[in-house]
Every structure is written in structure tokens, then in C-alpha cells.
Ligand code: AKB
């Protein structure tokens, strides 16, 4: 029976001849608004619904449909999927690594119970579902340079534990019920919108502080190497992966990345735009998290199976971020 369900789900989503209707949860976090913009250029504004439990700004409302959706309310989610005839679910709601450590019970609810809800929902309504995972799904026992797609995963943050859980339950539902579960492990994502609560966030905050004040206090050591990618690459990876025919996918969870750098390498590059940039280093508890994460991410499976290719390296990432962040302050 599971074989039968599998075949049906593969052919059913998205239905022939019309664009998929897409619901994005956690839509007002770092990735949601830009993701909705990209998907709306492909599938039409009315077909991409952004959702969150936060009151949106006027500009979010002007960009396309926005609704309240609480990922802990299963019936509420069912109602949305039925009323809006949703085909794809992009599940961004999560507490990130640093903030998760500050409130473990909340992280368990949002990151684990929330995933139970959306996975079950996707199974019931045969949705294609995307759940992001992260370099944070690895830990001190994993090889760090490079970190392959399949290796030891023993993360030491609740964020990492919840993401390993999401990967495994998604794969389980795929094998058992034929759920079209898709998951990319992202590195630190760099965007002009502030991420909030992550360990890789220094690489966003430094742009804002450098361009406004000419100085920055970094909470990681200067030599802390972490994998990173520009938001445009990240969202293009998501779109290409969601569109990839099932036959190309050899697994449901893929590493993706673009580059790896340290704070001092980023600061040196940013110094070309902010000549008197002054950075001091005061490592805090986030250093321990970073020290347990991959330094270099091996995404060769994604490159081989569905032809993932990044566009932005450190130099053009910095060029674009300087422009993006400057626009924020005009
Ligand atoms: C974090 O730092 O928690 C996130 C991530 C790498 O998943 N940006």
C-alpha cells in the first residue's frame, strides 16, 4: 500500500496545468519575505501565501497574501490548507541555535511539535513539503572539514537536535507513506534582513554596524571558519530543489553551500568598502556552538544529483551586501 501511495503522491503534486499554491510558515523570519517574492515571480502573487503569528508591516501586505497561521494549531492549519487549496508547504518556523539555548521548552514546541504538525498535515493532504535543516544538525563528533552529506550527527544544541529529528521524521514519512518531503541543510545565510538568534548572525550584523558606525564587536574568534551563502543563492537552491523531478533525487536531505570564511576574512573584504573599520573580538557562548559545527560543507551530492551551483563567493557577497544594507538606511 505504501508503494501505491508513493506513486500517487509523486504524480499528483503539483497538479498538471496550474501553478502550485504555496503556504510559507514562519514567513516573517529571515527567509520568508524574500522567498515569497521569488516564488511570486514564478507562480503569481496570489498563489504564494505568507503566514506567521506576527503582525505584518504595510509593505508585506502590499506584496501579496498574508495570513495568521499558528504551526502549533493543527486544526487551524488544516483549515488553511483546505480553504486555500494548498499544494506546497514551506516550513520556516523555528527558533535558531543561540536563541533556542535560551528557551529550550519553547524550542521543543516550535521546532519539534511544529514539525510533527506540518509533516502530518502534508501527509493527510498530499502536499510537497520543504523543511530547512542546517549545518547545526552536526556536532563535535562529525567530520568538520569537509562535512559529507551522510555522516555522524550528534548535535549539542536543541536547535540541532530538532533539525536531526525533522530530517529523520521527514525521511520516515517518505519511506512509509510516500510523503514528498524535501530538506536542504543550509549554512549561515547572509541577507540584509536581520536573522535573529543564530550563531552565524555575526556575518550579517557586521555589515549593519560597519556601515552605520564603522565598528563591530564580534562574538566569535577571528579564526572561526563556518560555511555560508548569500540569500539569493539560498532561495534559488530552494526553488530549484522544489522543482526538481523526483527521479533526480537520490535522497530527501541534501547539504548545500557556497563558501566558507572566518570573521577575519570577512572583515578584510569588508574593509575594502569601509576603510577605517574597527573590529574587536569578544567570544561568548556562541563560540562553543560554532566550534562544534562544520567548517567546510560538502555539497557534492546536490551538485551531482540536481545540478546545484552557487553564484556568490566572498567578494561578490560583500559587494551585494554593502549595497543591500546601504539601501536599508537611505
Ligand atoms: C544559526 O546560526 O542558528 C542558523 C543556522 C546556521 O542554521 N543561521
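Checking 95, 39 one by one, the residue that is under 18 Å from the mean Cα position of the chain (by Cα), crowded, with 17+ Cβ neighbours inside 10 Å, at negative phi and assigned to a helix (DSSP H, G or I) is 39 and no other.
Can you tell me which residues in the range 286-305 are part of a helix (DSSP H, G or I) and more than 10 Å from the ligand (Cβ to nearest atom)? Reasoning before the result, please.
Restricting attention to the range 286-305, the residues satisfying the condition of being part of a helix (DSSP H, G or I) are 286-291, 300-305.
Passing the criteria: 287, 288, 291, 300, 301, 302, 303, 304, 305.
When the residues of the range 168-195 are filtered to those that are within 16 Å of the ligand (Cβ to nearest atom) and more than 13 Å from the chain's Cα centre (by Cα), the one that is modelled with the highest pLDDT is 192.
Could you run through the range 141-164 and say how many residues are touching a helix residue (DSSP H, G or I) at 6+ places or on another chain (Cβ under 6 Å) and either at pLDDT below 95 or within 16 Å of the ligand (Cβ to nearest atom) (or both)?
9
Hey, does the range 232-246 have a residue that's within 12 Å of the ligand (Cβ to nearest atom), out of contact with any helix residue (DSSP H, G or I) (no Cβ under 8 Å at 6 or more places or on another chain), closer than 30 Å to residue 116 by Cβ and in contact (Cβ under 8 Å) with a residue 24 or more places away in the chain? Taking every residue of the range 232-246 in turn, at least one turns out to be within 12 Å of the ligand (Cβ to nearest atom), out of contact with any helix residue (DSSP H, G or I) (no Cβ under 8 Å at 6 or more places or on another chain), closer than 30 Å to residue 116 by Cβ and in contact (Cβ under 8 Å) with a residue 24 or more places away in the chain. On inspection, residue 136 passes the criterion of being assigned to a helix (DSSP H, G or I), within 13 Å of the ligand (Cβ to nearest atom) and touching a residue at least 12 places away in the same chain (Cβ under 8 Å). Could we say that residue 110 is in contact (Cβ under 8 Å) with a residue 40 or more places away in the chain and out of contact with any strand residue (DSSP E or B) (no Cβ under 9 Å at 6 or more places or on another chain) here? It is false that residue 110 is in contact (Cβ under 8 Å) with a residue 40 or more places away in the chain and out of contact with any strand residue (DSSP E or B) (no Cβ under 9 Å at 6 or more places or on another chain). Looking only at the range 42-74, filter to residues that are in contact with a helix residue (DSSP H, G or I) (Cβ under 9 Å, 6 or more places away or on another chain) and part of a helix (DSSP H, G or I); which one of those is surrounded by the fewest Cβ atoms within 10 Å (Cβ to Cβ)? Result: 59.
The values are calculated or read from the model by the stated rules, or taken from the named source; none is laboratory data. The structure presented is a predicted model; accordingly, all values stated were derived computationally and were not measured. In this analysis, Cβ positions are derived from the backbone assuming ideal geometry, glycine residues included, and neighbour counts consider all displayed protein chains.
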